[in-house]
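A.B. asks: Supplied in structure tokens, the structure appears directly below.
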Amino acid sequence: MSTPDVEDAEKVMCAGKTPTFAPKLEAGKTYYWCTCGRSKNQPMCDGSHQATKFQPMAWTADKNGSAKWCRCKATKTPPFCDNSHFRLWSPCCGGPSVKVGELYEKFN
């Protein structure tokens with residue numbers, strides 16, 4: 001795992017421009033959602049946030065099933081997708097034009 005440059009430590013990485021429905025939820029299990037975008041185990045944390053300001057977000061499932069997990073990290077409803085990834089596709093939609101794997105400053 002590589003250490004980010006100091007100036008990149010506060011930027012999030014776009015891990016994907018579409019949500020994922022994996023992993024399947026198990027009632028009572030706690031999941032650790034990646035907030036930095038650097039995890040190779042998206043959407044879950046693998047510890048790649050080291051040397052950044054980010055920490056994983058703990059979330060416990062209250063029932064079995066599936067969830068629409070965010071991978072772009074722009075969601076306003078973490079850890080779930082709220083379709084904010086559409087704003088990353090083109091600056092015409094009010095956000096930066098970001099490619100998967102690129103770092104960007106979070107926007108409102």
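A.B. asks: Could you give me the residue pairs with C-beta distances under 6 Å whose first residue belongs to region 53-81 and is at positive phi, whose second residue is crowded, with 20+ Cβ neighbours inside 10 Å wherever it lies, and which are 6+ apart or on separate chains?
C.D. replies: 73/12; 73/37
A.B. asks: Hey, another quick one. From the set of residues in region 22-58 that are open to solvent by less than 60 Å² (accessible area, probe 1.4 Å) and among the aromatic types (Phe, Trp, Tyr), which is nearest to the chain's Cα centre (by Cα)?
C.D. replies: Step by step, filter region 22-58, then rank; the result is 33.
A.B. asks: Output the number of the condition that residue 93 fails; it satisfies all remaining conditions of (1) at pLDDT 75 or above; (2) open to solvent by 60 Å² or more (accessible area, probe 1.4 Å); (3) in contact with a Phe, Trp or Tyr (Cβ under 9 Å, 6 or more places away or on another chain).
C.D. replies: Tallying (1) at pLDDT 75 or above; (2) open to solvent by 60 Å² or more (accessible area, probe 1.4 Å); (3) in contact with a Phe, Trp or Tyr (Cβ under 9 Å, 6 or more places away or on another chain), residue 93 fails exactly one: (1).
A.B. asks: Still on this model: Anything in region 77-86 that is under 15 Å from residue 59 (Cα atoms) and not hydroxyl-bearing (Ser, Thr, Tyr)? List them, or say none.
C.D. replies: Of the residues in region 77-86, the ones under 15 Å from residue 59 (Cα atoms) are 77-81.
Of everything in region 77-86, those that are under 15 Å from residue 59 (Cα atoms) and not hydroxyl-bearing (Ser, Thr, Tyr) turn out to be 78, 79, 80, 81.
The values are calculated or read from the model by the stated rules, or taken from the named source; none is laboratory data. Predicted model, so just to flag it, every value in this text is computed and none were measured. All Cβ positions, even for glycine, are placed from backbone atoms using ideal geometry, and neighbour counts span all protein chains on display. Heavy atoms of the whole protein, side chains included, go into the accessibility calculation; ligands, DNA and RNA do not. Shrake-Rupley method; radii C 1.70, N 1.55, O 1.52, S 1.80 Å.
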